[in-house]
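Colleague: Take this structure, written in structure tokens, and hold onto it; I'll ask about it next.
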Amino acid sequence: MSSKVIGRPYTILNVAMTADGKTDTFARQGAMISSNLDMERVDRFRASSDAILVGGLTLLGDDPRLLVKSAALRRERLERGMDENPIKVAVVTRADIRPDSRFLTYGPAKIMVFTTTQTSLSQIDALRERGIWVHITEASRVNLLSVMEALHQAGVKQLLVEGGGTLNEALLRLDLVDEINVYIAPLIFGGANAPTFASGPGLEREAAKPLKLTNVQQYDDGGIVLRYVVFKTANIEA
């Protein structure tokens, strides 16, 4: 049986990568890629978004805070009637999130976790006791179409996706992305096993996602930011 997205947020993928397309070194220890200027750009994106989404590898490996850093931007959100920080959203097959993780403890921010029955009942109870909204799917992987519908129902109009590569590829493959913003740093990491912006099983050439370049911004530090609109982003059946 097919399922269709009835409504979903405007979805933006944001990534920082090297000139050879790597989002980390082969060591996968969260190597710094963004410049100070780019981190300010990302903070503005966060401040304009209703929610920030990460996948399991980013959640458990990087333990992101997913907060708006600028006090001025947080005040502006409050003045607009928004929460101080966007909703933190995680898609993770097994939600083994440490109780003292930055994702859970840094705030204030609402938190939503989409997971599967591979997460223990005790862990689910512990998350819910902290006031975290937890959605469990019976399938082996989280259904991203259902995630988008749930976020839409929760009032999320703009969703910022901050990786990683498996989640990015899956969202693109399902036509769930509207816009891509890429910061390209003047660096080369190399490495056949170094992570890239979109990984997963990949797409055949005929299934490649066409993009339209709408803006180019160059920083004095040598980095550039490319903004793409993704063609054919529409409600689909999968």
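The values are calculated or read from the model by the stated rules, or taken from the named source; none is laboratory data. Remember, predicted model here, so these are calculated numbers, not experimental data. Cβ sites come from the backbone with ideal geometry, for glycine too, and all protein chains shown count toward neighbours.
Colleague: What are the residues in region 67-94 that are among the small types (Gly, Ala, Ser) and in contact with a Gly (Cβ under 8 Å, 6 or more places away or on another chain), if any?
Modeller: 90, the sole residue that qualifies.
Colleague: Residue 36 is checked against (1) buried (at least 20 other Cβ atoms within 10 Å of the Cβ); (2) among the polar types (S, T, N, Q); (3) at pLDDT below 95 and fails just one. What number does that condition carry?
Modeller: Only one criterion is unmet by residue 36, namely (1).
Colleague: So which residues in region 70-122 are in a loop (DSSP other than H, G, I, E, B), among the hydroxyl-bearing types (Ser, Thr, Tyr), surrounded by fewer than 18 Cβ atoms within 10 Å (Cβ to Cβ) and under 21 Å from the mean Cα position of the chain (by Cα)?
Modeller: The answer is 70, 101, 106.
Colleague: Of the residues in region 124-179, how many are among the hydroxyl-bearing types (Ser, Thr, Tyr) and crowded, with 20+ Cβ neighbours inside 10 Å?
Modeller: Filtering region 124-179 for residues among the hydroxyl-bearing types (Ser, Thr, Tyr) gives 137, 140, 146, 166.
Cutting the leftovers down to crowded, with 20+ Cβ neighbours inside 10 Å gives us none.
The qualifying residues number 0.
Colleague: Condition check: part of a loop (DSSP other than H, G, I, E, B) and either touching a Phe, Trp or Tyr at 6+ places or on another chain (Cβ under 6 Å) or at pLDDT 95 or above (or both). Does residue 188 satisfy that?
Modeller: Here the answer is yes, as residue 188 does meet what is asked.
Colleague: Within region 2-14, can one find any residue that is touching a Pro at 6+ places or on another chain (Cβ under 8 Å), outside any strand (DSSP E or B) and either among the hydroxyl-bearing types (Ser, Thr, Tyr) or over 16 Å from residue 182 (Cα atoms) (or both)?
Modeller: In the first step, residues of region 2-14 are kept if they are touching a Pro at 6+ places or on another chain (Cβ under 8 Å); the result is none.
Within region 2-14, none of the residues are touching a Pro at 6+ places or on another chain (Cβ under 8 Å), outside any strand (DSSP E or B) and either among the hydroxyl-bearing types (Ser, Thr, Tyr) or over 16 Å from residue 182 (Cα atoms) (or both).
Colleague: Could you count how many residues in region 173-208 are aliphatic (A, V, I, L, M) and in contact with a strand residue (DSSP E or B) (Cβ under 7 Å, 6 or more places away or on another chain)?
Modeller: Pass one, region 173-208, residues aliphatic (A, V, I, L, M): 174, 176-177, 180, 182, 184-185, 187-188, 192, 194, 198, 203, 207-208.
Keeping just the survivors that are in contact with a strand residue (DSSP E or B) (Cβ under 7 Å, 6 or more places away or on another chain) gives 176-177, 180, 182, 184-185, 187-188, 194.
Residues flagged as aliphatic (A, V, I, L, M) and in contact with a strand residue (DSSP E or B) (Cβ under 7 Å, 6 or more places away or on another chain) within region 173-208 amount to 9.
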